[in-house]
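Data first, discussion second: the structure below is written as structure tokens.
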Amino acid sequence: MEPRALQPSRFDVINGQPTMKAVVTTGNGGYDELSYRDVPVPVVLPGDVLLQVLAAGVNNTEINTRLGWYSERVSTSTAHDAGDGELTPSTRPDGGWSAATPFPFIQGTDCCGLVVAVSPGVDEGLIGSRVLVRPCIRSNGFLSMDTVWMGSDFDGAFAQFVAVPAAEVFPVNSDWTDVELASIPCSSGTAENMLHRARVGRGEHVLVAGSSGGVGSATVQLAKRRGAIVTAITTATKRDQVRSIGADHIVDRDDDLVAVLGLQSVDVVVDNVAGHAFGDMLKVLRRGGRYVSSGAIGGPLVTLDMRTFYLNDLTLVGCTAWDEPVFTNLISYIERGDIRPLIARTFPLEQIADAQRAFLDKRHVGNFVLVPAPIYQ
């Protein structure tokens, strides 16, 4: 049986094969590894739905994967190797999240899409729904930490269409634009997962590093939503914008963190920066405090003084696999207006290299979003 509601008139056809525009990442390396071209429309497998991609967010993970940054042989920040031709294109077998990256493939972890077809047995009532995709798939259930990620382990949303498991699409009842919705999944999902895993509660003092980025700005909003007191680390040029989304206190990125905040002054540190500031992050945690991270954009290698760790009964929490409540929580926050999107810039999909360059400049607050060329019936 053919997938229900598949409309061939939506597609360009070459040699009888329906095609779409997509950005194909061809290997590890610079921006020249991003190829905007015609590719076959995804095959809708049993249990899948086909989405027309309305908008797709830009995240560190796509850049990290293209660079092979997840390899243990890489010790520098993402920005250090991100430029044109600075990194020799050669697939690193350990450069993906959990295995070799399946080059060539289509990246794109964030997707706001329109359901245009479903496989037999999937609820046809989904057709026509505007949805967000949960990109972190707990492939063996929520009792296992095994994950499969859209845009890293299988083709993602940097295309006009994407096929995803029906269980991972969530209709959203919201007046937000497609671009605004596409800014949410990876950054806000990552932020909510860290706050959930660290058990952040009302009245706790939370320190957020890198608070102007997609994950950081989402963390500020989501921590405030939980009733926390938020201190945000950012630059002088961004402090007003970060304060406008809920930060109670601002610390300049170049300040001495211990001198400004004091030893044992915060309950939870949410840190996706790492690098040289890691040691001071632990020093400002109260005894019994929690440090939680899902990234290391400032550099993956840090110095840990074990005495700071064990003498203060600290808990270090690593977060990649999203817990079960995380994405449904986000959908409810959007629908109730508990959070708001923070869009820095939008780009046409074919300008992905320009978007990633601007993203790595770190002059923005919030998220960058790509918009594919429209499909006409």
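The values are calculated or read from the model by the stated rules, or taken from the named source; none is laboratory data. Because the structure is predicted, anything quoted here is derived from the model rather than measured. Note that each Cβ is placed from the backbone with ideal geometry, even for glycine, and that neighbours are counted across all protein chains shown.
Summary of computed values
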read-out	value
Any hit, the stretch 55-77, residues being within 20 Å of the chain's Cα centre (by Cα), over 21 Å from Val369 (Cβ atoms), at pLDDT below 65 and in a helix (DSSP H, G or I)	no
Test: Gly279 is in contact with a helix residue (DSSP H, G or I) (Cβ under 6 Å, 6 or more places away or on another chain) and small (Gly, Ala, Ser)	no
Residues satisfying the stated conditions in the stretch 162-188, i.e. buried (at least 24 other Cβ atoms within 10 Å of the Cβ) and out of contact with any Asp or Glu (no Cβ under 6 Å at 6 or more places or on another chain)	Val162, Val164, Leu181, Ser183, Ile184, Ser187, Ser188
Matching helices (runs of 4 or more DSSP H) fully within the stretch 283-377 where at least 3 residues are assigned by TED's automatic domain parsing to the domain that holds Asn173, crowded, with 18+ Cβ neighbours inside 10 Å and within 16 Å of the chain's Cα centre (by Cα)	352-361
Any chance Arg92 is at pLDDT below 95 and either surrounded by fewer than 18 Cβ atoms within 10 Å (Cβ to Cβ) or not in a helix (DSSP H, G or I) (or both)	yes
The stretch 249-278, residues that are over 24 Å from the mean Cα position of the chain (by Cα) and assigned to a loop (DSSP other than H, G, I, E, B)	Asp254, Asp255, Asp256, Gly262, Leu263, Gln264, Ser265
Scope the stretch 202-222; condition touching a Leu at 6+ places or on another chain (Cβ under 6 Å) and of a type outside the set (Ser, Thr, Tyr); matching residues	Leu222
